[in-house]
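What follows is a single structure, written as structure tokens, with notes after it.
The values are calculated or read from the model by the stated rules, or taken from the named source; none is laboratory data. Because the structure is predicted, anything quoted here is derived from the model rather than measured. FYI the Cβ positions are ideal-geometry reconstructions off the backbone, even for glycines, and counts take in every protein chain you see. Heavy atoms of the whole protein, side chains included, go into the accessibility calculation; ligands, DNA and RNA do not. Shrake-Rupley method; radii C 1.70, N 1.55, O 1.52, S 1.80 Å.
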Amino acid sequence: MNTSALENMKTRRSCRAFSDRMPERELVEAVCEAGTYAPTGHGKQSPIILAISDRTLRDRLSDMNARIWNSLKAARGEKPNEGFDPFYGAPVVLAVLADRTVPTYHHDGCAVLCQLANAANAAGLDSCWIHRAKEEFDSDEGRAILRELGVDGDYEGIGHIVLGYRAKELPAAAPRKADYIRYLG
């Protein structure tokens, strides 16, 4: 049994306060490569990973994501978070998109996101899964970004993994609920 791999999965936490220290490129590459080994339906490998360390593009995506978040909050009658960075200051964003023409595309993309988060922990990096990529890349602005980046095809944004080094200690894991696992046989 590979107990270190199991321990890595159990010690991964979502980081919501990053330092501005840029992760070493070889670590980002190692995390991304690990993401490419996530299981996908029929081995179709429908996802793609956009590894974004360019500050201008990172900030543009963060602004888009914040506008979407604030519009969702407003629709619920909640006060918007002006100036909020939904990427928590992380210097690297791994945007995962998947080819909508593949029936398992959404599940495939989610598997990649999980793999990236666990790989980040194994590489000594901190991460957090960020939602609203679908709304970002389905917008006119998001489709324009994909065209600028040379991404062709019918891709849907599945999510982001933001990467970096934590700015403060991470909380301990919450206790697991009593009925999380049900053994049947």
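Scanning region 126-185 for residues that are charged (D, E, K, R) and surrounded by 21 or more Cβ atoms within 10 Å (Cβ to Cβ) yields a total of 2. Put simply, of A98, A120, A167 the only residue that is in contact with a strand residue (DSSP E or B) (Cβ under 9 Å, 6 or more places away or on another chain), under 25 Å from L72 (Cα atoms) and in contact (Cβ under 8 Å) with a residue 12 or more places away in the chain is A98. As an exercise: evaluate T104 against (1) farther than 22 Å from Q45 by Cβ; (2) surrounded by fewer than 21 Cβ atoms within 10 Å (Cβ to Cβ) and give the number of the one condition it does not meet. Only one criterion in (1) farther than 22 Å from Q45 by Cβ; (2) surrounded by fewer than 21 Cβ atoms within 10 Å (Cβ to Cβ) is unmet by T104, namely (1).
The combined condition, being aliphatic (A, V, I, L, M), in contact with a helix residue (DSSP H, G or I) (Cβ under 6 Å, 6 or more places away or on another chain) and either crowded, with 16+ Cβ neighbours inside 10 Å or closer than 24 Å to E135 by Cα (or both), is not fulfilled by A66. For region 80-88, the condition of being at pLDDT below 95 and small (G, A, S) holds for at least one residue. With respect to the stated conditions, R182 fails to be farther than 18 Å from A51 by Cβ and within 18 Å of the chain's Cα centre (by Cα). Scanning region 11-62 for residues that are open to solvent by less than 80 Å² (accessible area, probe 1.4 Å) and of a type in the set (D, E, K, R) gives R12, R13, E24, R58, D59, R60.
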